[in-house]
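Report on one structure; see the data block that follows.
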């Protein structure tokens with residue numbers, strides 16, 4: 001498999017751009033983080049990518065599932081465990097299986 005840039009972008013100890021193995025568990029974890037941290041309409045050429053603004057809507061499980069289906073079709077058994085920390089804070093734990101493994 002090919003190596004691709006890590007998300008978020010960072011430098012490794014040698015000062016090179018950090019990379020991850022494409023289609024590895026780390027790769028998919030970073031891709032899921034990208035979906036969760038991108039607000040819809042943020043990316044000019046892919047307006048539908050990302051989640052509705054969670055600051056106002058909270059975590060929307062159906063939107064998340066739609067994003068995973070659209071952009072990460074190799075993942076299966078994706079689940080989100082939501083814990084209410086306070087009335088304004090949610091903790092979201094995502095688990096998944098790589099369909100190729």
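Just so it is clear, none of the values below were taken in a lab; they were calculated from the coordinates. None of these values were measured; they are calculated from a predicted model. Backbone-built Cβ (ideal geometry, glycine too); neighbour counts: all protein chains shown.
Counting just the Cα atoms, what span does the chain cover along each of its three principal axes? Round to the nearest Å and put the largest first.
Computed over the chain, the largest-to-smallest principal extents equal 43, 31, 30 Å.
Using a ≥ b ≥ c from the Cα gyration tensor of the range 58-101 (square roots of the eigenvalues), is it rounded, prolate or oblate, where a/c under 1.5 gives rounded and otherwise the larger of a/b and b/c decides, a/b for prolate? Intermediate results must be reported in sequence, preceding the final value.
Values: a/c = 4.50, a/b = 2.01, b/c = 2.24.
Oblate, since a/c reaches 1.5 and b/c is not below a/b.
Please determine, in degrees from 0 to 90 and to the nearest 10, the orientation of helix 61-71 with respect to the longest principal axis defined by the Cα atoms of the chain, where the helix direction is its Cα long axis.
Computed tilt is about 30 degrees.
May I ask you to derive the relative contact order of the chain, considering only C-alpha pairs under 8 Å and at least 6 residues apart, and to give it as an integer percent?
Working: 125 pairs, mean separation 16.8, N = 101.
Result for the chain is 17 percent.
Can you give me the distance in nm between label points at residue 65 and residue 43, each placed 7 Å from the Cα along the Cα-to-Cβ direction?
2.2 nm
With a Förster radius of 22 Å, plug the Cβ-Cβ distance of residue 22 and residue 80 into 1/(1 + (r/R0)^6) and report the FRET value to the nearest 0.05.
Values: r = 24 Å, r/R0 = 1.08.
Approximately 0.40, to the nearest 0.05.
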